[in-house]
Structure formats: C-alpha cells, structure tokens
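The values are calculated or read from the model by the stated rules, or taken from the named source; none is laboratory data. Just so we're clear, the structure is a prediction, and the values are computed from it rather than from any experiment. All Cβ positions, glycine included, derive from the backbone under ideal geometry; neighbour counts span all protein chains shown.
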Amino acid sequence: MSPRAYKLGQRQAAADETRRRIVAATRAVLAAGGPAEFTVDAVAKQADVGRMTVYYQFESKRGVLEALFDDLANRGLMPSLRPVFEERDPSRALDGVIGAFATFWNSDRIVLRRARALAALDHEIAESVRARDELRRGHLRKVLERLYAQRTPAPTRPLASSIDILHMLTSFETFDALLIDSRRFEEATTILRELASAVLAS
C-alpha cells in the first residue's frame, strides 16, 4: 500500500469512527430525554464533537436520524426479516413479517417512540418516517399478493384493504399500545397474529 493510500485509509477509518460516535450519541440523547431535548447541539455534545462535524457528516437533523434508523434496523430488524424473504409458504411469511417488526419495535422501544414522536415537530422527519413505513407496506404487499394467489378460496376482503389494515396492525403505534398493563412481548405478538388471521378470514 502506498503512503497516500495508507493516509486515505486512516482518514476514512477516522471518519467512520466519528459517524459511529455520532449515531451512538443520537441514540443516547433520545434515550435520555424527550423530543424537545433532541437537537444537533445535544448530539454534538454527547459525541464530543463540534456541531459542524455533525452537519458535515449528516447534513441535517433528519440525516442524523436517518443514520440512527438505519443502525437500529440493521441490528434489530434485518436479522429477523431476511428469512421471511426466503419463506415459500405465504402464511408463514406473513407470520414472519409480523414477528420481525414486533421484535424490531421491541428492540429499542423508548428510543423508537421518541424518534417517531419527532415527526410531529418536524415535517422532514415526518417524511422520513412515512417513507420507512411505506417500506413495511411493500413487504406486506409482496406477501399478501402471494397469499391471495394461493389461498383457496381467496379472501373476500379486497387486497388493498387487507394491506392497509395489516399495515396499521404492524405499526409501531399499534405494537406500543398493546404493551400496556404489563402485557408481555409474546402476548402482544400473538394478538397481532390473531388479528391478522381474522382480517384475512373475513
């Protein structure tokens, strides 16, 4: 490796480490306080970097949250969701989608709740949250299209209606609302699966 390439590699490693620190700081700020306390200055202070470093790395508050969402999804969602894409039975695949998102919502529940609450305060963050929710709708659409094609007799409810209802049932807000009165994660997930079955049986 040439000296120039070595130096470039060192700079890239340092930049990657700075990004990791800022993402970790973003999570820590959200875990410690509500949406009103979440600012770029607070993240910079937590990460022990200048606020311009945060802007240089992520451009905006939305960019910081996008990086956090990616990090949370890569750790808490994708390991559970990947096997779903390989499941040949659409009914089992649907159970897998429900379980994967329930596991994700439960993986860092307070941080996810507060991050999503920021959407009510910032329209750009709201757009980001909606875009990510639409990815979940896309996963449901792929599974339900297969299920409608294979099930005999086919469900009587229109496909678009089933997608809308299951999109609502698998949302963070629904899952969060089910975890009340000390209800366990497994119980909440079972309720979601039972509701999904009822929708497709009607």
Tell me which of these A131 doesn't satisfy, since it passes every other one: (1) within 28 Å of F38 (Cβ to Cβ); (2) hydrophobic (A, V, I, L, M, F, W, C); (3) in contact with a Leu (Cβ under 9 Å, 6 or more places away or on another chain). (3)
Filtering helices (runs of 4 or more DSSP H) wholly in region 87-202 for at least 1 residues that are over 25 Å from A31 (Cα atoms) and acidic (D, E) gives 90-107, 123-150, 159-169, 185-201
Among the listed residues L94, L118, L112, identify the single one that is of a type in the set (A, V, I, L, M) and either within 25 Å of A201 (Cα to Cα) or in contact with a strand residue (DSSP E or B) (Cβ under 9 Å, 6 or more places away or on another chain) (or both). L94
Identity of the residue in region 40-77, hydroxyl-bearing (S, T, Y) and over 21 Å from the mean Cα position of the chain (by Cα), that ends up nearest to R116 (Cα to Cα): Y55
Against the conditions (1) polar (S, T, N, Q); (2) exposed (fewer than 15 other Cβ atoms within 10 Å of the Cβ); (3) within 20 Å of T170 (Cβ to Cβ), where does S107 fall short? Just the number, please. (2)
Across region 20-57, what is the number of residues that are within 16 Å of L72 (Cβ to Cβ) and of a type in the set (S, T, N, Q)? 1
Looking across region 43-52 at residues that are part of a helix (DSSP H, G or I) and out of contact with any Gly (no Cβ under 8 Å at 6 or more places or on another chain), the single one that is farthest from I22 (Cα to Cα) is M52
Whether any residue in region 96-110 is free of Cβ contacts under 8 Å to residues at least 12 places away in the same chain, farther than 20 Å from I22 by Cα and not acidic (D, E) is what I want to check. no
Set L81, L118, L72: member being aliphatic (A, V, I, L, M), buried (at least 16 other Cβ atoms within 10 Å of the Cβ) and in contact (Cβ under 8 Å) with a residue 60 or more places away in the chain: L118
Those residues of region 53-69 which are in contact (Cβ under 8 Å) with a residue 40 or more places away in the chain, in a helix (DSSP H, G or I) and of a type in the set (S, T, N, Q), in sequence order: Q57
Starting from residues that are exposed (fewer than 14 other Cβ atoms within 10 Å of the Cβ) and either acidic (D, E) or modelled with pLDDT under 90 (or both), keep the ones in region 125-149 and report whichever is farthest from I98 (Cα to Cα). E127
